[in-house]
Amino acid sequence: MDDLLAEFVAETREMLEAIAGEIVAWEADPADRARLDGIFRFVHTVKGNCGFFDFPRLEKLSHAAESVLAEVRAGRRVPDVGLVNAVLAIIDRISQMADAIDAGQDLPGTGDDDLIAALEPDATEAEGDGVGAAASGATMQDDTNEKTIGAHQTVTPRSIRLPVELLDRVMSGISDMVLARNDLARRLRDAGAQPTIDGPFERLTGILTDVREAVTRMRMQRIEHLYNALPRLVRDLSADLGKQVMIDLEGGDVELDREMIEMIRDPVTHIIRNAIDHGIETPATRLAAGKREIGLLSFAARQSGNKITITITDDGRGLDLAKLASKAVAAHIVSQREADEMSRNQLQQLIFEPGLSTADTVSNVSGRGVGMDVVRANLEKIGGTIQVRSKAGEGTLFILEIPLTLSIVAGLTVGAEGQRFAIPRSYVEEIVHGAAASLEYSTVGDSELVTFRGKRIACLSLANVLGMTRGQSVRGKTLVLVRLGSGDLFAVAVDRIYDHEDLVVKPLAPAVMATGVYAGTTLLDDGSPILMLDMPTIAQQNGLVSEVRLRPASVEPEDVEVSEKTRPVMLFVGIDGRRRAMDMDIVRRIDIAPVAAIDIEGARAQIVIDGEILPLVGAYGGAMPADKLKLLRLSDGTCELAYAVREVSDAAVIDSAIVPAGADDDLIEGVTLIGGEPVGIIDGMKLFARHGSPPQSSVPLVCRLPAADGWARTMLEPLVKAAGYRLAASDDEAADVTILMENDDAETSDHDGQIICLHADAEAPVSTADRIYRYDRDALLGALRTARGGRP
Amino acid sequence: MMDELLVMTVIAGRRAAFRAVEVQAVIEIEIIHPVPRAPDFIAGLTALRSQSLTVIDCRRSLGLAGDSAADSRAAVVEVGGHPYALLVDTVEDVVEARSAPHPVPGGLGAAWERVGIGMIETDAEPALLVDIAKMVAGPDQAIRGLAA
């Protein structure tokens, strides 16, 4: 939180510095629209940031100034001297407050209300008889004094700033060194073993790897750093607005320039605010429109060549184009005739115009029509672009494209007609060998489709796309399933897959770039140059990009019927040596982990993968492999599980009847015949109900302990916390579980959630369902576990 | 412009000169990796040390038929920050210019007009001084459009 606060202060100061000149210029010429917009953005941003922190005074001030400036922007107020003075006084006060927050002091002075009152039109009228002027003049006097005091306390930061160009130069130098090293390595290999050279060369390689890593880290950060703040923001906003919103974050491991992350933080925040405030409807409206009552806000980040694409999708009501057009006409941005002639797409782009909003009411969250013009301005400053696509009633999709000056891309090298190409790995969903029995090809018109796991997807032949062949069939080739940032899925047929490699991508000559199918070029370790494919453009050129990403469609209940007909499963052999099937939908991927990462304690097994602790299922009934263990990573969307297997066999489809299983293993839903052999089908539902645990970041259940009880504090509290509960912060907070002492006289009526009653009767240390002996640890933990059973 | 150094080459059977200051190196091209869907004057990519060069077939850039690959030598130049290899019939020698470039009486003909700066005298026979940026840019949009 301290980091965020420091950032907030730094940002506010930076903006103040930037608009200092504007303020003076605006004072000289209050009619100057550009200056006005600049100042307006400042107060708006401050107001927005206050939403994160608890600064009601700051928020109130900036909100007041913003309201007045909005009036001015809309032409309803004339910026006279009184108004200008009052706004300036507020900006000075904001600056003072920022200083005080930074120094950790109490916010200076009072009299915010006077400042706000001075903004009122009647205050400016009263200026004629001197009262208003004296009031605002006096406040400003105070401000100047306090400001000088504040300035002394400004602390010098302990980091140094470097020009980005310098870092760029170092970075590209290192990249060239890596390529030169690869070249040298190849020549050394060709020349045969030379002990005197090989040793030092190995050392050089090691050093170079270290340096490259360090330099990369200098500039790069996982986009997770941006993602981390989002669930909280979404939660708070949706709670404020009485909406239910689920957030889905994808591609958190995409790395991007540290500075870029900072630059897109605000735009992304604005888009989220708008999406929740205007896009996503209230639960009642959603139900009435036949949607799930919980709105979905999804984020996906992808890297391709020297661009990062971030898509932000909501499944709300979409943009109201008619309203947008009439507002634009009213605000004199376009004429009625122009508006009538505009295409759908052009109308959508109107939301990026300054001073335009489709919101009818101005809320505390958003809705003054800033936001989107600020968003675009900020993105364009860093060479990025933003696009919007929307469908009325179905949702809105924002596509942010941000450049990377230089990047190391994880790529998949594939072959077509004897030539190699690279595909950014972030797009690759899966690789399927064309001969696999689960594939079904069909040709409709000139388009080839492949049915994979019950979905029909378009399939392109890479050689055809690149014009190397004409009408080459995709049948029997290796398929690379590509998922774009927009969520569109298609398959690319290639002759073979070569390797996964880290590629240093360099820009292409303009004439090559003009073909549109390549994103860059890179040298392989053997020194041969290859081209990196631009998957989004290829998809677009082949008509495979939909207007709006509609992810929820795949989880809607309507799909049940279809998926029941062809229920795709993954076949495997369990640790106990028996053949089993797992629903494909819950299998995220197959992992291999060292056996040493497993921790079995009593009936509970866990495994550590990538720094995360996951419940481990299926690790019984047979001998564990010696060192490495194959795992199915399962997910139901919120929880993750690892399922230990001996061998993964194949993907298959259940087409014969399922015979319900006996009682001996209740994780088995039933037995069916696949390929003539009986296979037990794992009941995914029960699996998650029993073993699923919420990811560490989710909101924990709240537990209330007996108040003012020493024993509860020392003995109970650690136990309850270890069981994954959070203690109720105050008496008013709603609790999911309440623990009571039997002799507690407290009123039982105000206890909420489930109640666990403890007794201290050492004579009869027996626990029953509703009375637990206070030192019966197992029973207590059991009760806490049961209490959370309702939640995954 | 006297005493300027020129790299003498033969393109499509004609003597053509590049300014030596613009030529970083003359290399022997081993393998050219084709670029599917690129205009035909782009022969492909080749590697020079740790760089990837775009190989321009000068004969095709002029809009002439046939291949330049009689001799696999190419001049390495940089235009707009991108490295290119200019594939010519042969690279002959580096010579001193004996005159400033001047117009050719009667013009250069359609193919050469676009890339030619002017005629330049050397100790041996005169040559056409070539603008590398125009050579790299390839035939005009119109010509490219017809070819496509």
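Values in this text are rule-based calculations from the coordinates and carry no lab data. What you see is a predicted model; the values in this text were computed from it and never measured. Methodologically, a virtual Cβ is constructed for each residue, glycine included, from the backbone with ideal geometry; neighbour enumeration extends over all protein chains shown.
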Pseudo-spin-label distance A:GLU14 to A:GLU430, built 7 Å along Cα→Cβ, given in nm, is 4.3
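Can you check how the C-alpha radius of gyration of the stretch A:562-691 compares to 2.2 N^0.38 Å, as a plain ratio? Walk me through the numbers before you get to the answer.
Values: Rg = 14.3 Å, N = 130, 2.2 N^0.38 = 14.0 Å.
Dividing the Cα radius of gyration by 2.2 N^0.38 Å gives 1.02.
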In terms of the charge dipole of chain B, which places +1 on Lys and Arg and -1 on Asp and Glu at the beta carbon, the residue among B:LEU62, B:VAL130, B:ALA17 farthest towards the positive end is B:LEU62
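Charges only on Cβ, +1 for Lys and Arg, -1 for Asp and Glu: so what's the dipole of the stretch A:224-403 about the Cα centre, in debye to the nearest 20? Could the numbers behind the result be given before it?
Details: 21 positive and 26 negative charges, 72 e Å.
My answer is approximately 340 debye.
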Gyration tensor (Cα only) of the stretch A:1-41 to equivalent ellipsoid, semi-axes in Å sorted down, yields 27, 9, 5
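Length gain on complete extension for the stretch A:ILE658 to A:LEU673, per 0.36 nm per residue less the alpha carbon to alpha carbon distance? Walk me through the intermediate numbers first.
Numbers: separation 15, 0.36 × 15 = 5.40 nm, distance 0.80 nm.
Gain on extension, A:ILE658 to A:LEU673, equals 4.6 nm.
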Rounded to the angstrom and largest first, Cα extents along the principal axes for the stretch A:408-552 equal 41, 33, 27
Computed on Cα atoms, the radius of gyration and Dmax of the stretch B:5-147 in angstrom are 14.5, 45
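Return the FRET efficiency for the residue pair A:GLU417, A:ARG76: r is the Cβ-Cβ distance, R0 is 51 Å, and the value is rounded to the nearest 0.05. It would help to have the intermediate numbers written out before the result.
Numbers: r = 66 Å, r/R0 = 1.30.
Efficiency computed from Cβ-Cβ geometry: 0.15.
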Here P(r) for the stretch A:42-85, Cα-Cα distances in 10 Å bins, as whole percents, is 30, 46, 21, 3
Dividing the alpha-carbon radius of gyration of the stretch A:168-219 by 2.2 N^0.38 Å, where N counts its residues, gives 1.26
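If you place +1 on the Cβ of every Lys and Arg and -1 on the Cβ of every Asp and Glu, how big does the dipole about the Cα centre of the stretch B:5-147 come out, in debye to the nearest 20? Don't jump to the answer; show the numbers that get you there.
Values: 12 positive and 18 negative charges, 91 e Å.
I would put it at about 440 debye.
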proj_area_mean for the stretch A:224-352 (convex hull on C-alpha atoms), units nm², value 9.7
For the stretch A:242-330, whose charge dipole is built from +1 on Lys and Arg Cβ atoms and -1 on Asp and Glu Cβ atoms, the candidate among A:ILE264, A:GLY318, A:ILE276 with its Cα farthest towards the positive end is A:GLY318
Mean projected area (nm²) from the convex hull of Cα positions in the stretch A:195-292 is 8.8
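To the nearest 20 Debye, how big is the dipole of the stretch A:262-343 about its Cα centre, given +1 on the beta carbon of each Lys and Arg and -1 on that of each Asp and Glu? All intermediate terms of the calculation are to be shown ahead of the outcome.
Details: 11 positive and 11 negative charges, 38 e Å.
Here the stretch A:262-343 has a charge dipole of around 180 debye.
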